[in-house]
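Participant: Sharing a structure below in structure tokens format, with a few things to ask.
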Amino acid sequence: MAAVRVEAVLAAAEEQEAEKRRSITVEKELELEYDLGNLLAVDRNPPPAAALRGAGPRREALLQALARDNTQLLVSRLWELPAERAGGAGGPLVAQLPEPTFRLPREKPPPKPRPPTRWEQFARLKGIRRKKKTSLVWDEQAKEWRRRWGYRRAGGDPSRAWLAEVPAGADPEEDQFARLRREKRERVARNELNRLRNLARAHRAGSAVPAAPLHPTGHQDRDELRRVARVARVSTASLGRFQPRLPKESAEPPSRNSGKKRRFEPLLGNLAAERSRQLELLRDMGSKKPVLDITRAVNKQLRQEEAEAAAANKGKKQSKRGKRGRRQQRPGRSGKKSGARRQPQQKKAAGGGTGAGRRKKA
Amino acid sequence: DRALERPKTKRAKRFLEKREPKLNENTKNAMLIKGGNANLTVTEVLKDIVSFWTKNITRPFEDQTTLEFFSKKSDCSLFLFGSHNKKRPNNLIIGRMFDYHVLDMIELGVEKFVSLKDIKNSKCPEGTKPMLIFAGDVFDVNEEYRRLKSLLIDFFRGPTVPSIRLAGLEYVLHFTAVDGKIYMRSYKVLLKKSGCKIPRIELEEMGPSLDLVMRRTHLASDDLYKLSLKQPKGLKPKKKKNISHDVLGTTYGRIHMQKQDLSKLQTRKMKGLKKRPAEKSAEDGVATPKKSKSA
């Protein structure tokens, strides 16, 4: 009897041990935070500081136990992810990781979109789109598909062309081969110049350092230099009043409000102008006709609104409008001229209709 | 200026393109530098992390230009600098760069170091993506510890992968912050059978283990850090429109149709109702109703 009971007890104990060994549950006060995309887990529970203070193997054992618990939790989460067998039925079990959520700083700043080049602007204006070209071209002579340009191109090597026709109207004594070579050199140089100009434009647009134009670079044009010279002249304690001028420079003193603020006429100035202004004012006050031409004003306002709407749309979508597109991009046409042409009633009725439609009517 | 020099070969062009700022960046590279007076301990640490360059006599906390120069030349944005002197024994400076300028730098002192070769166990293959676990509330409370956590994740994370082989989760790095010290331990993970699908974990101490203490820090200002965290708009996943999910898990889609012309609708053809040519011509408002034979 006793033996049986002892055996039963031992069996029970063994089963308990086995159960503990196979257990995958871990008790934690605070839940861990997981970032499965990075295989990361953060445990906010304060570790048992007192126990870890003692040095030696006990600390290592404690650390290992803590690590085991945390790893168990992380692995349980990872094994709960949707998994599939990669490479057929016998392949390894592969889990799909989600995107990492922990925000880490970037290596480099995100790329800035570069401003469009001169050609790109023109193409957008005209509505020209890129034609997709095939990379291989059929070469009749060689009877095979060759590259469009580059090594072994279709049409043979241009540097080994043995025939150069004299075009009609050209000097018969001229060396055609030399001309072709010279033209190619010129084309390459022009291309390079344009590329550098585009780069400079992009660089200027991108950086917009305010002090940059004030440093002489040798590549500034006349207007920039004039602007810079003016700024330099005014940057003195007396705001440029006593700066010496060059012999051919215009000797006008800068007006006191040469900025965006309201400017006022000098008090004692042109008597004749003042007299005529006052008389005109009296005349307008006395006449019966209203000074403000309502129709013109309304047309001007509507034109302005159209231009704004067109500018906003142009920013959003670049449609190939062609001529229509070109017309819409010149909103600065004087409202008075076109306004007077149209019927005021029609305009008022149409109100906020599309600009394109109305232009067609006109 | 980089943009002015035009690459003459395709290979050079690819090299430059790899280094320029992109939407989705490359995996960060780390450079490990041995200082002018590095001792054996520190060298061993660096060696264990992977490999190192020749001696470099710089002081990162005073002058960062040499570091930035190296970073620019090798296109590495993470670095680990080891040195040793009487005032700061067994020094390790861990740091990262943003746009080839130093962003964060934290100086750690190595108090105890057990190398890979000192622990006689089987190791896991090189290049395994490690699991990272940070224990201790200090990692969230203290600002410096928060940055250190971010730095360590950046350093040890490895390349971002879309999927992972579940049996290959072999390596785990565990950082515990307690009492002003940070214990870094590396374990090899053994997956044992358990009652259910999820395996039971047993750990075996494997790799280098370090007892670190934080010394000086050089953290980036808040706005610079925020700037470096900024992700470009193109990376945000696009929202899928017209798809909605039910509570029970059914997916609903929405299709927008144009207005249908109901007179041209295709219905069941009933042979009896078909217009015979004679009747078609005779039909003048006189409706001849026919009985349909449909069931």
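Participant: Name the residues of the range B:166-208 whose amide N is less than 14 Å from a point 7 angstrom out from the Cα of residue A:85 along the C-beta direction?
Facilitator: Nothing falls inside the zone, counting backbone N under 14 Å.
Participant: How large, in percent, is the carbon and sulfur part of the accessible surface of chain B at a probe radius of 1.4 Å?
Facilitator: 54 percent
Participant: Determine the gain in length on full extension of the stretch residue A:221-residue A:301; use 0.36 nm per residue of separation and subtract their C-alpha separation, reporting nm with one decimal.
Facilitator: In short, 25.1 nm is gained.
Participant: Okay, next question. With solvent modelled as a 1.4 Å probe, how much accessible area in total do chains A and B shield from it at their shared surface, in Å² to the nearest 100?
Facilitator: The summed interface area works out to 6000 Å².
Participant: Now for a separate question. Taking accessible area as the heavy-atom solvent-accessible surface of the protein chains with a 1.4 Å probe, which residues of the range A:95-123 lose no less than 40 Å² upon going from the isolated chain to the full protein assembly?
Facilitator: A:95, A:97, A:102, A:103, A:104, A:105, A:106, A:107, A:108, A:109, A:110, A:111
Participant: Next question, about the same structure. Just the accessible area per residue of chain B, please: how many Å² with a 1.4 Å probe?
Facilitator: 64 Å²
Participant: A further question follows. Between residue A:138 and residue B:244, what FRET efficiency comes out of the Förster formula 1/(1 + (r/R0)^6) with R0 = 51 Å and r the beta carbon distance, rounded to 0.05?
Facilitator: That pair, residue B:244 with residue A:138, gives E of 0.45.
Participant: To continue, here is another question. Assuming 0.36 nm per residue, please report the length gained on full extension of the stretch residue A:204 to residue A:248 beyond their Cα-Cα distance.
Facilitator: 12.7 nm
Participant: Label point 7 Å out from residue B:6 along Cα-to-Cβ: which residues of the range A:117-139 have amide N under 19 Å?
Facilitator: A:117-120
Participant: Could you rank the peptides A:106-113, A:277-284 by their average count of other C-beta atoms within 10 Å per residue, with the highest value first?
Facilitator: Highest to lowest by the protection proxy: A:106-113, A:277-284.
Participant: Here's another thing I want to ask about it. Would you please give the FRET efficiency between residue B:123 and residue B:39, computed as 1/(1 + (r/R0)^6) with r the Cβ-Cβ distance and R0 = 25 Å, to the nearest 0.05?
Facilitator: On the way: r = 25 Å, r/R0 = 1.00.
With R0 = 25 Å, the Cβ-Cβ based efficiency is 0.50.
Participant: Where in the range B:115-133 does accessible area fall by at least 30 Å² between the isolated chain and the complete protein assembly, at a 1.4 Å probe radius?
Facilitator: B:129, B:131, B:132, B:133
Participant: Highest first, please rank the peptides B:5-16, A:165-176, B:112-123 by the mean number of other Cβ atoms sitting within 10 Å of their residues.
Facilitator: Taking the mean over residues of other Cβ atoms within 10 Å, the ranking is B:112-123, B:5-16, A:165-176.
Participant: While we're on this one: Averaged over peptide A:34-42, how many Cβ atoms belonging to another chain are found within 10 Å of each residue's Cβ?
Facilitator: Numbers: counts 0, 2, 1, 5, 9, 13, 9, 7, 11.
Across A:34-42, the average partner-chain Cβ count within 10 Å equals 6.
Participant: Moving to a separate point now. Per residue of A:43-54, what is the mean number of Cβ atoms on other protein chains within 10 angstrom of that residue's Cβ?
Facilitator: Partner Cβ neighbours, averaged per residue: 4.
Participant: Pull out the extension gain between residue A:197 and residue A:114, defined as 0.36 nm times the separation in residues minus the alpha carbon to alpha carbon distance; nm, one decimal.
Facilitator: Details: separation 83, 0.36 × 83 = 29.88 nm, distance 1.35 nm.
Roughly 28.5 nm would be gained on extension.
Participant: Which whole number gives the average, over all residues in B:187-198, of C-beta atoms from other chains lying within 10 Å of the residue C-beta?
Facilitator: Details: counts 5, 0, 6, 0, 2, 3, 2, 7, 5, 4, 5, 9.
What the average comes to for B:187-198 is 4.
Participant: Moving on to the next point. With only Lys, Arg, Asp and Glu charged, each at its Cβ (+1 for the first two, -1 for the last two), find how big the charge dipole of chain B is about the Cα centre; round to the nearest 20 debye. Don't jump to the answer; show the numbers that get you there.
Facilitator: Details: 61 positive and 35 negative charges, 569 e Å.
For this selection, approximately 2740 debye.
Participant: Next question. Take peptides A:92-98, A:61-67, A:135-141, A:267-273 and line them up by average Cβ neighbours within 10 Å, highest first, as a rough protection proxy.
Facilitator: Listed from highest to lowest mean packing, they are A:61-67, A:92-98, A:135-141, A:267-273.
Participant: Between the range B:186-205 and the range B:135-170, what's the alpha-carbon centroid distance in Å?
Facilitator: Answer, in whole Å: 20.
Participant: With the cut-off at 1.5 for a/c, could you classify the range B:80-139 from its C-alpha gyration tensor as rounded, prolate or oblate?
Facilitator: oblate
Participant: Oh, and also: Given a Förster distance of 51 angstrom, what is the FRET efficiency for residue A:288 paired with residue B:261, based on the Cβ-Cβ distance and rounded to 0.05? Could you put the intermediate results ahead of the total?
Facilitator: Values: r = 61 Å, r/R0 = 1.19.
Computed FRET efficiency for residue A:288 and residue B:261: 0.25.
The values are calculated or read from the model by the stated rules, or taken from the named source; none is laboratory data. Quick caveat: nothing in here was measured; it's all calculated off a predicted structure. Glycine also receives a Cβ, built like all others from the backbone with ideal geometry; neighbour counts cover every protein chain displayed. Quick note on the areas: whole protein, heavy atoms, side chains included, nothing else; ligands and nucleic acids left out. Shrake-Rupley method; radii C 1.70, N 1.55, O 1.52, S 1.80 Å.
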